[in-house]
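S.K.: For reference, the structure I am asking about is given below.
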């Protein structure tokens with residue numbers, strides 16, 4: 001009888017609420033690209049920084065697979081940190097023309 005009561009109590013337990021963590025504006029958000037695949041030898045590696053972004057992490061204690069990360073980046077805040085010497089001259093000319 002005791003076993004039946006315990007099983008009923010466990011089956012009626014309420015799921016725990018999710019926990020939301022907000023990304024701090026003081027955080028640093030950088031992405032480093034790689035090169036792979038069939039044409040990987042043609043690619044370059046770059047590091048890009050987002051100066052304006054917001055986001056949150058939603059964690060579900062009872063279902064880690066349901067957790068998610070949401071990040072929104074303002075496109076005009078992106079900055080390439082790749083040294084200019086690593087960027088081909090033709091690409092640099094295009095980027096400089098767009099910035100003007």
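No lab work stands behind these numbers, since they all come straight from the coordinates. What you see is a predicted model, and the numbers here were worked out from it, not measured in a lab. Positions of Cβ are generated from backbone atoms using ideal geometry, with glycine treated the same way; all protein chains shown enter the neighbour counts.
S.K.: Rank the residues 64, 58 as a footprinting-exposure proxy: fewest other Cβ atoms within 10 Å of their Cβ go first. Provide the component values of the computation, followed by the final result.
M.R.: On the way: 64 8, 58 13.
Ordered from fewest to most neighbouring Cβ atoms within 10 Å, 64, 58 come out as 64, 58.
S.K.: Here's something else I'd like to know. Can you put 29, 39 in order of Cβ neighbours within 10 angstrom, beginning with the fewest? Display every interim value, and only then the final one.
M.R.: Numbers: 29 16, 39 8.
Least crowded to most crowded, the residues run 39, 29.
S.K.: Report the convex hull volume per residue for region 17-99, counting only C-alpha atoms, in Å³. Can you show the working numbers first?
M.R.: Numbers: hull volume 10.1 nm³, N = 83.
Residue-normalised Cα hull volume stands at 121 Å³.
S.K.: Relative contact order for region 17-99 using alpha-carbon pairs under 8 Å, separation at least 6, rounded to a whole percent?
M.R.: Details: 110 pairs, mean separation 23.4, N = 83.
After rounding, I find 28 percent.
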